[in-house]
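Shown next, in structure tokens, is the structure this report addresses.
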Amino acid sequence: MAQRDLTPTSYMILGLLTAKDWSAYEIAEQVGRGVAELWPSADRQRYNAPKILLERGLVTATTVTKGTQRSRTVYSITDEGRTALSDWLATQTTPPALQFEGMIRVIFAHQGTIDDLRSTLTTTREQAARSRSLFVSHAQRISAPEAGTLPQQNHLMALANRFMIGHFNHIAEWADWALEETADWPDTVQPATTHRERTMSILARAIDDGSS
């Protein structure tokens, strides 16, 4: 039975451990390779989660020392951990959620200046482009001759990578469109009346796209 009180971060770590044993540092390093963009809280939980898994008996911990190097704790998944992961994968996933501060700023932009709005849109586009480049680099590493860190999962990584690049493409394209759309706005207030016809046209298009 899946342990539903565990976070997806914990199950992600169990998933990583099915491939090989990892130290806490190596787990954190893997989380930093794009997972934070999928599950932001993973970045905060990546050091504490292994300890919780250890308390549950889902992983074991071994202290390893090599030569003069400082000792490190290496985690291994247990049979109970594999069962918990399999059980969790068989449960229904929660709906996707979007955490997007820039969009909140857009919604309330009428309380700021047009320059503030354009700055938010420009920053959003730049951030999306950087994140897209990150996943392009992941795709290049995965497709390299040495087959990346987890070659047995490349087919699954490809599915996720395609989504993430498309996701950030969409944000960047939207920001470009929004900058063009607001290019002739004198401020963030008047367009509510002066651009009403255009606003209705945009909403009609959104309704059509959402109904198709």
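Derivation of every value follows stated rules applied to the coordinates shown; laboratory data play no part. Not measured: the values here are computed from a predicted model. Because the Cβ atoms are built from the backbone with ideal geometry, glycine has one as well, and the counts that use them run over all protein chains shown.
How far apart, in nm, are the 7 Å Cα→Cβ label points at Glu26 and Glu173?
4.0 nm
Where in the chain lies the longest segment free of trypsin sites (Lys or Arg not before Pro) that are both loop residues by DSSP (not H, G, I, E, B) and have at most 10 other Cβ atoms within 10 Å?
71-212
Please give me, ordered by residue number, the chymotrypsin sites (Phe, Trp or Tyr not before Pro) of region 57-140 that lie in loop per DSSP and have at most 13 other Cβ atoms within 10 Å. Before the final figure, lay out each step's value.
Values: sites: Tyr75, Trp88, Phe100, Phe108, Phe135; in loops: Phe100, Phe108.
Here the chymotrypsin sites (Phe, Trp or Tyr not before Pro) that fit, given the DSSP loop and packing criteria, are Phe100, Phe108.
Over region 45-136, what relative contact order in percent results from Cα pairs under 8 Å that are six or more residues apart?
For region 45-136, the relative contact order is 16 percent.
What is the angle, in °, between the Cα long axis of helix 154-181 and the longest principal axis of the Cα atoms in the chain? Nearest 10 is fine, range 0 to 90.
20 degrees
Quote to one decimal, in nm, the extra length available between Ile107 and Ser137 on full extension: 0.36 nm per residue of separation minus the C-alpha distance between them.
7.5 nm
Specify whether the C-alpha gyration tensor of the chain places it in the rounded, prolate or oblate class, a ≥ b ≥ c being the square roots of the eigenvalues: rounded for a/c under 1.5, otherwise prolate if a/b is larger than b/c and oblate if not.
Since a/c reaches 1.5 and a/b is larger than b/c, the shape of the chain is classed as prolate.
Tell me, what is the FRET efficiency for Thr194 and Trp39 to the nearest 0.05, using R0 = 45 angstrom and their Cβ-Cβ distance as r?
The pair Thr194/Trp39 has a calculated efficiency of 0.60.
Can you work out the PRE-style zone for Ala183? Point 7 Å along Cα to Cβ, and I want the residues of region 102-122 with backbone N under 19 Å.
Once the point is set 7 Å along Cα→Cβ of Ala183, 114-122 turn out to lie under 19 Å by backbone N, inside region 102-122.
When the dipole is taken about the Cα centre of the chain, and only Lys, Arg (+1) and Asp, Glu (-1) are charged at their Cβ, what size is it in debye, to the nearest 20?
That gives a dipole near 840 debye.
Within region 151-191, which residues have the backbone N less than 11 Å from the label spot 7 Å out from Ile114 along Cα→beta-carbon, could you tell me?
Counting backbone N atoms under 11 Å from the label point, the list is 182-191.
Could you work out the relative contact order of region 115-212? I mean the mean sequence separation of Cα pairs under 8 Å and 6+ apart, divided by the number of residues, in percent. Present the calculation step by step, with values, prior to reporting the outcome.
Details: 47 pairs, mean separation 35.7, N = 98.
It rounds to 36 percent for region 115-212.
By how many degrees, between 0 and 90 and to the nearest 10, does the Cα long axis of helix 79-89 differ from the longest principal axis of the chain?
The angle comes out at about 20 degrees.
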